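Here the structure is laid out as structure tokens; the discussion comes afterwards.
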Amino acid sequence: MAKLALHQWFQKRKLEKEAGPASERLDIPGNLWIKCTKCQVAIFAKDLDANLKVCPKCGYHFKLSARERIEATIDPETFTEISPFLHSKDFLGFVDSAPYSQRILKSEEKTGLADAIVIGEGELHGIEVGIGVMDFSFMGGSMGSVVGEKVTRIAEICLDKKIPLIIFSSSGGARMQEGIMSLMQMAKTSAALSRLRSAAIPYLSIMTDPTTGGTTASFAMLGDLNIAEPGALIGFAGPRVIEQTIRQKLPPGFQRAEFLEKHGMVDIVSERGKMKEELKKVLHFFENAAKT
Amino acid sequence: MPQKPNRVLLEFEKPLLELYKKIDDLKMQDMDMSEEIKMLEKRIETLQRDIFSNLTPIQIVQVARHIKRPTTLDLINLIFNDFVEMRGDRNFSDDPAMVGGLAMLPGCKKSNPLGETIFDQPVVLIGQQKGSNTKENIKRNFGMAHPEGYRKALRLMHLAERFNAPIISFIDTPGAFCGIGAEERGQAEAIAKNLRSMAGLSVPFISIVIGEGGSGGALGIGMGNRVLMLEFSIYSVISPEGCASILFRDAKKAPHAAEVSKITAIDLLEMNVIDEIIKEPVGGAHNNYKETALNIGSAIKKHLSDLARLSSRELIADRYRKYRNMGYFTEE
Ligand SMILES: [Zn+2]
């Protein structure tokens, strides 16, 4: 399978759109039916896509890829990817069931991404923003050196250009194949956000299913506004680890977005279809607050 | 009558047992056996030196977790004067797994036109606190702090900043606690906020891993301008046992996980994650608290006097540079 950096993918999409509607649905082969993870109802793939991958029956939010998220969030043809050629390095020579270097290549092939996050600049309802979008399908959205570097770079760009930063998280936490270096990315990204904070540059963190571990315990929890998608699992430790530690079953709804809202950790739980409008309102506030 | 010492020997220290027993027997005798005892002690030291210069990573893990290893409060009491412990996060409760307070560091040196003056430096201390026995460990939750522990630490860091006092943090935790209350009260948020706040601290900040540096729970108080590690301590993103059961699907592969994850002081110095290794006494820190404290104390003084030359702005920039540079990747 050919590897395609996201910026190339966007170019390809653009060409296909220009070529006419026949090739528009190239990414879904044939007439596919998808079974909802939550309510088990069968949904026509095309309908699911049209509904931003939210089950029309029960409202279950399927995971979005980075490119789908960017399409759903950033105004058409305004996105420019930044640092698309950053790749992870197997500096420990780490081998579990497969060598880390092979895992990276496989994930790159499978996802067409260079690592678990895409960063870039674009417009959201005409407002210029820096954006980072994690992709869970790349090694469980785990944070290693590349994710840390890219979050830091986009934060530094936002600082430089004085534009708001938006990050969509979807991550199982630290990338263990990078050992202590994955832990250090928590420090690195949080330090970058500390600079944004001092400069009063708005940072909006959107947590999607799932956001756990080192990602939650660093940049994902540090938004001026923390926003979550309904039902998203968000936590420090994964539920299985907690159950093993305390030797008891966890209550239903534990660590879900609504639970975090109730406990004061997120400002808004917004369904996907309303997310862009929600972000627009918030950005509009910051844009005008900064002017006055 | 002299009592038999309460000794805890690790598996690889077992060759010492014979010699210890002999000493204990000699001590029980009525005659003066000091010459013989001295000789045996020499032999113990040689053997210890030998054993401890060839430890495998998993053996280092065992030393780092040794039940008799000096804890944060042990070291605080030996290194500093006039320690005033502060408690509570002013929000929810006090967390006994995280301690902190005010203290004076004696014997600091400042050079001036007339020569050198020696003075006591006010410092703010924070650190995870393990117990030295089961009862204490239950009270201290085995050094695994809740969000209120991290928030107490943050409160102390901000106090240090307002009064321009350097901060010293002692890291010794298996990790931040994982439980229902911890999640409800925002363990992730508490740690994340500490990371962001530590990045912006305008005072000198030194972090020292004295035992176990367990993941985000360790880093949550560990973003010093300088990060030091005791020789036989560890610092990792996940425990060797956790790594083994997740990545190798077999908890018994912990020794292998300890090896490949690079968690010892030497490994971390090589990767520039830490700045210096503090030597431990022969036989490990648990064998001689005083010497351990002395070594840590002089390392603190050395780095504090280096950092004293930096302005607030430079301290923040220095810290940013340190963490900004962490990571390995390619770009082409
Ligand atoms: Zn459904």
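Bear in mind that the values in this text are calculations on the coordinates, not laboratory data. The shown structure was predicted, so the numbers you read here are calculated from the model rather than taken from an experiment. FYI the Cβ positions are ideal-geometry reconstructions off the backbone, even for glycines, and counts take in every protein chain you see.
List of remarks:
- Helix B:34-52 vs. chain B, principal-axis angle (Cα, 0 to 90°, nearest 10): 50 degrees
- Over the C-alpha atoms of the range A:74-212, the Rg to Rh ratio, Rh being the Kirkwood estimate, stands at 0.98.
- Averaging Cα coordinates gives a centre for the range A:33-96 and one for the range B:194-234; these two points are 36 Å apart.
- Per residue of B:300-310, other chain Cβ atoms within 10 Å of the residue Cβ number 0 on average.
- Fluctuation leader among B:147, B:204, B:15 - chain B, Gaussian network, Cα springs under 10 angstrom: B:15
- Highest-MSF residue in chain B out of B:213, B:222, B:88 [GNM, Cα springs under 10 Å]: B:88
- Surrounding net charge for residue B:103, when Lys and Arg each add one and Asp and Glu each subtract one, Cβ distance under 13 Å: -3
- Take the Cα of residue B:328, step 7 Å toward its Cβ, do the same at residue B:112, and the gap between the two points is 4.8 nm.
- Filtered GluC sites (Glu not before Pro), the range A:203-292: DSSP coil and at most 15 other beta carbons within 10 Å: A:271
- Rough spin-label spacing in nm, given labels placed 7 Å along Cα→Cβ, for residue B:84 and residue A:254: 4.1 nm
- Using only alpha-carbon positions in the range B:228-278, the gyration tensor eigenvalues give semi-axes of 23, 9, 8 Å once each is multiplied by 5 and square-rooted (largest first).
- Working from the Cα coordinates of chain B, the gyration tensor eigenvalues give, after taking √(5λ), semi-axes of 34, 26, 21 Å in decreasing order.
- Reduced Cα scattering model of chain A, Debye log10 I(q)/I(0), q = 0.07, 0.12, 0.14, 0.15 Å⁻¹: -0.26, -0.80, -1.10, -1.27
- The listed peptides A:206-218, B:60-72, ordered by packing as a protection proxy, come out as A:206-218, B:60-72 (highest mean of other Cβ atoms within 10 Å first).
- Among residues other than residue A:118 with Cβ under 9 Å from its Cβ, the summed charge is 0 (Lys and Arg +1, Asp and Glu -1).
- For B:175-182, mean number of other protein chain Cβ atoms within 10 Å: 6
- Spread of Cα-to-Cα distances over 10 Å intervals beginning at zero, given as percent, for the range B:95-198: 15, 38, 27, 13, 6, 1
- Loop chymotrypsin sites (Phe, Trp or Tyr not before Pro), the range B:35-119, which have at most 15 other Cβ atoms in a 10 Å radius of their Cβ (DSSP): B:92
- Counting Lys and Arg as +1 and Asp and Glu as -1 over every other residue whose Cβ lies under 11 Å from the Cβ of residue B:317, the net charge comes to +4.
- Taking a point 7 Å out from the Cα of residue A:240 in the direction of its Cβ, the residues of the range A:168-189 whose backbone N falls within less than 18 Å of it are A:171-177.
- Anisotropy class of the range B:159-310 from Cα gyration tensor, a/c 1.5 cut: oblate
- Selection from B:114, B:188, B:282 lying farthest towards where the dipole of the protein assembly as shown points positive, charges on Cβ: B:188
- Shielding by partners, peptide A:142-151 (average Cβ within 10 angstrom, other chains): 3
- Kirkwood hydrodynamic radius of the protein assembly as shown, Cα pairs, Å: 26.1 Å
- Pair residue A:98, residue B:134: separation of 7 Å Cα→Cβ label points (nm): 4.5 nm
- Exposure rule at most 14 other beta-carbon atoms within 10 Å, DSSP loop trypsin sites (Lys or Arg not before Pro): chain A longest free segment: A:58-161
- Among the GluC sites (Glu not before Pro) in the range B:18-81, none sits in a DSSP loop with a Cβ that has at most 14 other Cβ atoms within 10 Å.
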